[in-house]
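The values are calculated or read from the model by the stated rules, or taken from the named source; none is laboratory data. Since we're looking at a predicted model, the values are computed, not measured. Virtual Cβ from ideal backbone geometry, glycine too; neighbours counted across all protein chains shown. Calculation scope for accessible area: heavy atoms of the full protein, side chains included, ligands and nucleic acids excluded. Shrake-Rupley method; radii C 1.70, N 1.55, O 1.52, S 1.80 Å.
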Amino acid sequence: MKGCIILQRQFAPIGNAIALELKNEYGIKEFCGYIFTRRAEQFVNAQKDIQYTNLLLDENLHNQYKEEKLDIEYLKKLEAEYGMPNLWQCLAIDRTIMMNHPPEDYLISPTPPYTHEEMLKILQIYFRNIINFFKKERPDFIVGVNVSCIGNTTIYYVAQKMGIKYYTVETGKIDNRVTFSENYKTLSGVEKIINNIKKNNYKSPFRKEAESHLEKFRKNPAPPSFAAEEKDKKFLERLSTIPFRFFRVLKFTLKSTYKYFKNPHKSDYVLENPAYALMNKFKRKARRFRNLKPLYDEPNWNEDFAYFPLHFEPEITTLLYSPFYTNQITLLTQIAKSLPVHFKLYVKEHPSMLEYRPIEYYKELKKIPNLKLLDPKTNSLDLIEKSKIVTTIAGTAGFEAALLKKPIISFGDIFYNNLSFVKRCREIEDMPNIIKQQLENFQYDNEEVINFLSAIFEDTLPFDFTDLWSKGTYEQIKNHSDFPKFVNNLAQKIGLVNKK
């Protein structure tokens, strides 16, 4: 058996450690790999634990597009064989190709840095190389995280067509639990357990854990995902840290500038000019001092309202799970006109986006007559609990609303769509009727929620994946006490070991 590891940016050390554990504990001797960023390539080349049979570097593929000759007939054949039903999804998910990421501002309509013909050349290069790579390497399975750009998405769909299992690391949305899923749109293991419960009257051994979690959440819902951070510190305290932060930024800029000019690969599409990056950073910091309070409305807890939390973007929540709902202003306009006439639509910004969006974005939102823009510090769970209905593209708010017995409408492919009382809106013209149905005939199923949570507890395991991903060194990752259990979860999915 042979594995392919997606060595993606900061996931590269984790991916390599997974390969090492599979080699040492489960006897898999051969691995190939797909690398994102030259920094990840440097790590892979420096480590001695895994000798990959072949490696494909994303930047090397992308840089070939200027010399590529466009072959429309080849693209038509690709689309006929791999299309879903077309290949735009592979392009649309890539924030660099479609949005020139990282942009100066997150505009309502970002301008792509490539022409249509250039995009097709890029698409052609990726498909040809990845297909040839898999035909030569013939992996039995692929392990990665976040299907999130043209290379990764192409790999996913080529693998699906070739019958190669693709396992992505997914969070279980309960505490720090994680699992591996065969489908980026859902939690495949959870789905299998739920189907077993429905069809065979299966009793999950984690029912008590599910009931306890649900009871605790309803009695004392978790605080918003953003705790009171630096922005809530006293002004003088923040002011005193400015010199330290200034020198830290200066040190980082000088170091990154030196590396940039020494870098022989300045043409890499993911490489950002440090001067441009510094300018953007100062612009973002300056936005902290904008007075947005005149734009904010006060919530009226006695009126009927629907709640929509703005999503962080560009991210997979919109680009991957809901590629036709990436313009949130347009979607909010449609939601607003689909509500009962006396309803308000409460909208709250994602706290992490305050430094990115221009003020014009919020002014555009304020043009919607029945929309109220709330202060981002407003507690999301208060809004969920007091709302009549929650609308979300594919956010965590939908899952929280499900636990709090609220009607939900989603607009993307997300794991909690599996719940019968969550309505996925696929046709925008159907939205008024879906909202009416959810408001007037909503039927909550508490037993279904307990079974759903039981399945999540059963399929996932506690593991500090996010923390290790963002901060962990390679040595810390492979020596982490819970890492063998983490990889065992994958081994069970692959079929290397029986499920305990």
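Couple of notes before you dig in:
- Annotation: amide H of residue 321 has no partner in the under-5 Å range at sequence separation 5 or more or interchain, hydrogens built in the peptide plane.
- Pairwise Cα inverse-distance average, inverted: Kirkwood Rh of the stretch 1-149 (Å): 16.8 Å
- In this label model, residue 86 and residue 377 are separated by 4.6 nm, measuring between points 7 Å along each Cα→Cβ vector.
- Length-normalised contact order for the chain - Cα pairs under 8 Å, 6+ apart - percent: 18 percent
- Share antiparallel - DSSP beta bridges, the chain, percent rounded to 5: 15 percent
- Counted charge near residue 410, where neighbours are those whose Cβ lies closer than 11 Å (Asp, Glu -1; Lys, Arg +1): +2
- Treating r as the C-beta distance of residue 216 and residue 268 and R0 as 60 Å, the FRET efficiency rounds to 0.80.
- At R0 = 45 Å, FRET efficiency that the Cβ-Cβ distance of residue 337 and residue 497 yields, to 0.05: 0.25
- Once the chymotrypsin sites (Phe, Trp or Tyr not before Pro) in DSSP loops with at most 12 neighbouring Cβ atoms within 10 Å are cut out of the chain, the longest remaining piece is 1-288.
- Nonlocal amide H pairs with residue 178, under 5 Å, H built at 1.01 Å: 172, 461, 463
- Relative to the current alpha-carbon distance between residue 283 and residue 53, full extension at 0.36 nm per residue lengthens the span by 78.3 nm.
- Accessible area (Å², per residue) of the chain, counting only protein heavy atoms and a probe of 1.4 Å: 50 Å²
- Binning all Cα-Cα separations of the stretch 415-500 at 10 Å, short to long from zero, yields these whole-percent fractions: 14, 27, 24, 19, 15, 2.
- Semi-axis lengths, Å, the stretch 322-445, gyration tensor of Cα atoms, sqrt of 5 times eigenvalues: 22, 16, 15
- Put simply, the amide H of residue 372, placed in the peptide plane, has neighbours under 5 Å in 345, 346, 347, leaving out anything fewer than 5 places away on its chain.
- Accessible carbon and sulfur surface of the chain relative to its total accessible area, %, 1.4 Å: 51 percent
- For the pair residue 198 and residue 140, the difference between a 0.36 nm per residue extended length and the Cα-Cα distance amounts to 17.8 nm.
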